[in-house]
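**Q** My questions will all concern the structure given below.
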Amino acid sequence: MSTGTVAKPSAAPQSAGRRKLTWPWILLIVAGGLALFSLVRVISGADDLTSVGQVSGALQLAVPIGLAGLGGLWAERAGVVNIGLEGMMILGTWFGAWAGYQWGPWTGVAVGILGGAIGGLLHAIITVTFNVNHIVSGVAINILAVGFTRYLSNFTFGEAEGGSSKQSPRIDQITQITIPGLSDWLQDLQQKHWFLISDIAGILGGLVTNLSLLTVVAILLIPGTWWLLWRTSFGLRLRSCGENPVAAESLGVNVYKYKYIAVTVSGGLAGLGGAFLAIVATGIYQEGQTGGRGYIGLAAMIFGNWMPGGMAMGAGLFGFTDSLKLRGGAENVHALLLLVALLLVIATLWQLYKKKYVVAGVSAAFSAGFFLWYAFTDEVPSQFVDAAPYVTTLLVLALSAQRLRMPKADGLPYRKGQGK
């Protein structure tokens, strides 16, 4: 016989998906990473791992990659795959240098953005209006940019004083910022090589020493993009075009307009990255100086799961490993072997905790291999040193692939009114 009572509904079960990391956990992970890095530095004796110069160099190398990745994020959040980031960066380097050596570096920055934006607009016309495959369009723009800039260089830089058909005259530098007192104190603290304290000092010192104003602008664009795309009605409409353009159109969103805006901004950001390479990083335009950074920026965006913060982490990772290669070469990359081995030990313990014994066994085997490689060698082959940034990027992408979720309509063809 029923008691006539109704049981209270139980609390809704938590989502079976992965929990979102909170700020305390993020800070704890960062602190653990710093401690692990400091331990590797102390054991290996590679004191340049977290030096002021290393961090400053890594930041300079990460900025153009981050700007290309940010450009890719804008385009793909609106549903357009932008493989043409490399070509748009090339346009940014050429136009930035062409205007920069004649009328000053800031004019060069503006014209470099314009050059990249023109490439983005062309990509938008081809993919949005004419519905051409996005990959085909992007590759065509990359090829076109190489040929176009080479043709222009022959009768511009080739006839300029101090230039040639493959490089521009020297460009004036943008003002660099160093905080007096604080910079020197942090550098002195870093040179004491204390555990963790010197590493933190080196990282902070790299952020306040010889920092270009354009670097500051580029860094601010990351939170600015997050706010604009995730905290405004404009951003909501733009992202809806990449998730479900038919539904967005039914709610009155002009999908074509937002796709055009997104892809043009995407090209402008890639062009800014190219201008940064020519004006800040080298002070000169050289043919081929982008070196595939547009593609690496796209990889950084994917690693960051189409989010600005994650993309910045991916760009920083590549910039850091690239800077290690340039500054310390074989010694620094050799120290990374120990870091990888320790990270694999942590991964093994985590997999054992989750009772995934096969994965734990594989991680342990690789960890032992890296420990032996580190223990029985003093340096790594030069070929591996050169490939380290690219290998790191591929490994991180492979390990993070299970957590990725691209916009649902990214790269899919769309015609106005197709939902009617």
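**Q** Confirm whether ILE113 is open to solvent by 10 Å² or more (accessible area, probe 1.4 Å), touching a residue at least 12 places away in the same chain (Cβ under 8 Å) and in a helix (DSSP H, G or I).
**A** Details: open to solvent by 10 Å² or more (accessible area, probe 1.4 Å): yes; touching a residue at least 12 places away in the same chain (Cβ under 8 Å): yes; in a helix (DSSP H, G or I): yes.
Answer is yes for this residue.
**Q** THR377 fails exactly one of the following numbered conditions: (1) part of a helix (DSSP H, G or I); (2) closer than 27 Å to ALA58 by Cβ; (3) at pLDDT 85 or above; (4) polar (S, T, N, Q). What is the number of that condition?
**A** The one condition THR377 does not meet is (1).
**Q** Same structure again: Let me confirm something: among ALA347, ALA312, which residue is open to solvent by 30 Å² or more (accessible area, probe 1.4 Å), in contact (Cβ under 8 Å) with a residue 12 or more places away in the chain and closer than 28 Å to ILE219 by Cβ? Quick ask: steps written out before the conclusion?
**A** Details: ALA347 fails: closer than 28 Å to ILE219 by Cβ.
None of the other options fit; the residue is ALA312.
**Q** Something else: From (1) surrounded by fewer than 19 Cβ atoms within 10 Å (Cβ to Cβ); (2) modelled with pLDDT of 80 or more; (3) of a type outside the set (S, T, N, Q); (4) within 22 Å of SER38 (Cα to Cα), pick out the condition that doesn't hold for LEU352.
**A** With (1) surrounded by fewer than 19 Cβ atoms within 10 Å (Cβ to Cβ); (2) modelled with pLDDT of 80 or more; (3) of a type outside the set (S, T, N, Q); (4) within 22 Å of SER38 (Cα to Cα) applied to LEU352, the lone miss is (4).
For (1) of a type outside the set (S, T, N, Q); (2) within 26 Å of ASN210 (Cα to Cα); (3) in contact with a Ser or Thr (Cβ under 6 Å, 6 or more places away or on another chain), each residue gets a yes or a no:
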{"site": "GLY33", "(1), (2), (3)": "yes, yes, no"}
{"site": "LEU36", "(1), (2), (3)": "yes, no, no"}
{"site": "VAL40", "(1), (2), (3)": "yes, no, no"}
{"site": "ALA46", "(1), (2), (3)": "yes, yes, no"}
{"site": "LEU49", "(1), (2), (3)": "yes, yes, no"}
{"site": "VAL52", "(1), (2), (3)": "yes, yes, yes"}
{"site": "ALA58", "(1), (2), (3)": "yes, yes, yes"}
{"site": "ALA62", "(1), (2), (3)": "yes, yes, no"}
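**Q** Would you point out which residue out of ALA360, ALA335 is at pLDDT 85 or above and more than 25 Å from the chain's Cα centre (by Cα)? Step through it out loud before you land on a result.
**A** Working: ALA335 fails: more than 25 Å from the chain's Cα centre (by Cα).
Step by step, each of ALA360, ALA335 is checked, and only ALA360 is at pLDDT 85 or above and more than 25 Å from the chain's Cα centre (by Cα).
Matching residues to (1) touching a helix residue (DSSP H, G or I) at 6+ places or on another chain (Cβ under 7 Å); (2) without any contact (Cβ under 8 Å) to a residue 24 or more places away in the chain; (3) open to solvent by less than 10 Å² (accessible area, probe 1.4 Å):
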site: LEU34; (1), (2), (3): yes, no, no
site: LEU39; (1), (2), (3): no, no, no
site: VAL42; (1), (2), (3): no, no, no
site: LEU49; (1), (2), (3): yes, no, yes
site: ILE65; (1), (2), (3): yes, no, yes
site: GLY69; (1), (2), (3): yes, no, yes
site: LEU73; (1), (2), (3): yes, no, yes
site: GLU86; (1), (2), (3): yes, no, no
site: ALA97; (1), (2), (3): yes, no, yes
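**Q** Still on this model: So which residues in region 132-157 are in a loop (DSSP other than H, G, I, E, B) and over 20 Å from ALA278 (Cβ atoms), if there are any at all?
**A** VAL132, ASN133
**Q** So for region 275-293 (the condition being open to solvent by 10 Å² or more (accessible area, probe 1.4 Å), basic (Lys, Arg) and out of contact with any Pro (no Cβ under 8 Å at 6 or more places or on another chain)), does at least one residue qualify?
**A** No: region 275-293 contains no residue that is open to solvent by 10 Å² or more (accessible area, probe 1.4 Å), basic (Lys, Arg) and out of contact with any Pro (no Cβ under 8 Å at 6 or more places or on another chain).
**Q** Next question, about the same structure. Please state which of the following conditions THR232 fails to meet, knowing it meets all the rest: (1) among the hydroxyl-bearing types (Ser, Thr, Tyr); (2) touching a helix residue (DSSP H, G or I) at 6+ places or on another chain (Cβ under 8 Å); (3) modelled with pLDDT of 95 or more.
**A** Of the numbered conditions (1) among the hydroxyl-bearing types (Ser, Thr, Tyr); (2) touching a helix residue (DSSP H, G or I) at 6+ places or on another chain (Cβ under 8 Å); (3) modelled with pLDDT of 95 or more, the odd one out for THR232 is (2).
**Q** Right, next: I'd like the full set of residues that are under 30 Å from ALA262 (Cβ atoms), part of a loop (DSSP other than H, G, I, E, B) and either open to solvent by less than 30 Å² (accessible area, probe 1.4 Å) or at pLDDT 90 or above (or both), limited to region 380-412.
**A** MET406, PRO407, LYS408, ALA409, ASP410, GLY411, LEU412, listed by residue number.
**Q** Residues in region 262-301 that are assigned to a helix (DSSP H, G or I) and free of Cβ contacts under 8 Å to residues at least 40 places away in the same chain: how many?
**A** Within region 262-301, the first condition is being assigned to a helix (DSSP H, G or I), and the residues that meet it are 262-281, 293-301.
The next check asks that each one be free of Cβ contacts under 8 Å to residues at least 40 places away in the same chain; those that pass are none.
Selection size over region 262-301: 0.
**Q** Next up: Condition first: open to solvent by less than 60 Å² (accessible area, probe 1.4 Å) and either more than 18 Å from THR290 (Cα to Cα) or β-branched (Val, Ile, Thr) (or both). Now tell me which residues in region 100-109 satisfy that. Write out each step before concluding.
**A** Initially, region 100-109 is screened for residues open to solvent by less than 60 Å² (accessible area, probe 1.4 Å), giving 100, 104-105, 107-109.
Hits for region 100-109 are GLY104, PRO105, THR107, VAL109.
**Q** Restricting attention to region 302-329, report how many residues are part of a loop (DSSP other than H, G, I, E, B) and over 22 Å from ALA388 (Cα atoms). First the steps, then the outcome.
**A** The first filter runs over region 302-329 and keeps only residues part of a loop (DSSP other than H, G, I, E, B), leaving 304-307, 328-329.
Remaining after also requiring over 22 Å from ALA388 (Cα atoms): 305-307.
Count: 3.
The values are calculated or read from the model by the stated rules, or taken from the named source; none is laboratory data. It should be emphasised that the depicted structure is a prediction, and the values quoted were computed from it without experimental measurement. FYI the Cβ positions are ideal-geometry reconstructions off the backbone, even for glycines, and counts take in every protein chain you see. Accessible surface areas use protein heavy atoms only, side chains included; no ligands, DNA or RNA. Shrake-Rupley method; radii C 1.70, N 1.55, O 1.52, S 1.80 Å.
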